[in-house]
Amino acid sequence: MSRRLMKILFIIYIAVLVVFIVIKPHLGWAYFGERIRSICRLRKAGIWNLSLRPFIFNQQAKVTILNIIAFVPLGVFLGIFNYSPLKALIISLLITFCIELFQFISCLGYGDVDDIILNMLGAAIGYLIFRLLKLFYKFIASFFRAKL
């Protein structure tokens, strides 16, 4: 695939990711409005939609796994774009942090350090999967070239 097509797919992936993480259309628009009202009421009471202590809440295993899985494609894209592991880590941190910050500022969700950790883990897994597949492909290609 061309690099331009990969960039377009990357932008589409990020847009869909943000919509599902921040807006959550799969939960319905009534939930969307109620969530904003609820977070604004909590803020007026002095309770902020921010959690800086990792893993203090009992998250459902499903939510934890989905937080990881949702960011695996990010790691794959960063591998495809040939970023070094450090750059890929920094980019995944920035993207995740921006999403969490947006949720916090806009009252559309909770800014949570758990999400940052799990999302970066997902991106790291995706990056590792891509790198391993690339090594495997090179090995197979060289194996068959040697046979011919």
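Please treat every number below as a calculation from the coordinates, not as lab data. If you're wondering where the values come from, they're calculated on a predicted model, not measured in any experiment. A quick note on method: Cβ atoms are made from the backbone with ideal geometry, for glycine too, and the neighbour counts reach across all protein chains shown.
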Convert each backbone phi in region 77-93 into a coupling constant with the Karplus relation 6.51 cos²θ - 1.76 cosθ + 1.60 (shift: θ = phi - 60°), then list the ³J(HN,Hα) values in order as whole Hz, x for Gly and Pro. 4, 5, x, 4, 7, 6, 6, 5, x, 5, 5, 4, 5, 5, 5, 5, 5
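What percent does the relative contact order of region 3-147 come to when contacts are Cα pairs within less than 8 Å and at least six residues apart? Intermediate results must be reported in sequence, preceding the final value.
Working: 135 pairs, mean separation 45.1, N = 145.
The normalised contact order for region 3-147 reaches 31 percent.
Decide, for the chain, between rounded, prolate and oblate: order the square roots of the alpha carbon gyration tensor eigenvalues as a ≥ b ≥ c, take rounded if a/c falls under 1.5, and otherwise choose prolate if a/b is larger than b/c, else oblate. Intermediate values should be presented prior to the final figure.
Details: a/c = 2.88, a/b = 2.34, b/c = 1.23.
Cα axes put the chain in the prolate bin.
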Which ³J(HN,Hα) values, rounded to whole Hz and listed in residue order, are derived for region 62-74 from phi using the Karplus coefficients 6.51, -1.76 and 1.60 in 6.51 cos²θ - 1.76 cosθ + 1.60 with θ = phi - 60°, glycine and proline given as x? 4, 5, 4, 5, 5, 4, 6, 4, 4, 9, 4, x, 4
Total charge of the residues flanking Arg53 in space, meaning their Cβ is under 12 Å from its Cβ, with Lys and Arg +1 and Asp and Glu -1, is -2
Amide H neighbours of Asp112 at under 5 Å, excluding residues fewer than 5 places away on the same chain, with H built from the backbone geometry, are Ser51
So which chymotrypsin sites (Phe, Trp or Tyr not before Pro) in region 1-75 pass both tests, a DSSP loop state and at most 13 other Cβ atoms within 10 Å of the Cβ? Trp48, Phe55, Phe57
In region 3-147, lysine pairs 8 or more places apart or on different chains with C-alpha atoms under 26 Å apart total 10
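Would you order Thr64, Thr96 from fewest to most other beta-carbon atoms within 10 Å of each residue's own beta-carbon?
Values: Thr64 15, Thr96 22.
Ordered by Cβ neighbours within 10 Å, fewest first: Thr64, Thr96.
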What list of ³J(HN,Hα) couplings, whole Hz, do you get for region 31-45 from phi and the Karplus terms 6.51, -1.76, 1.60, once you set θ to phi - 60° and write x for glycine and proline? 5, 4, x, 5, 4, 5, 4, 4, 5, 5, 4, 5, 4, 4, 7
Treating only the Cβ of Lys, Arg, Asp and Glu as charged (+1, +1, -1, -1), what charge dipole size does region 62-148 show about its Cα centre? Round to the nearest 20 debye. 780
Take peptides 38-46, 100-108, 115-123 and line them up by average Cβ neighbours within 10 Å, highest first, as a rough protection proxy. 115-123, 100-108, 38-46
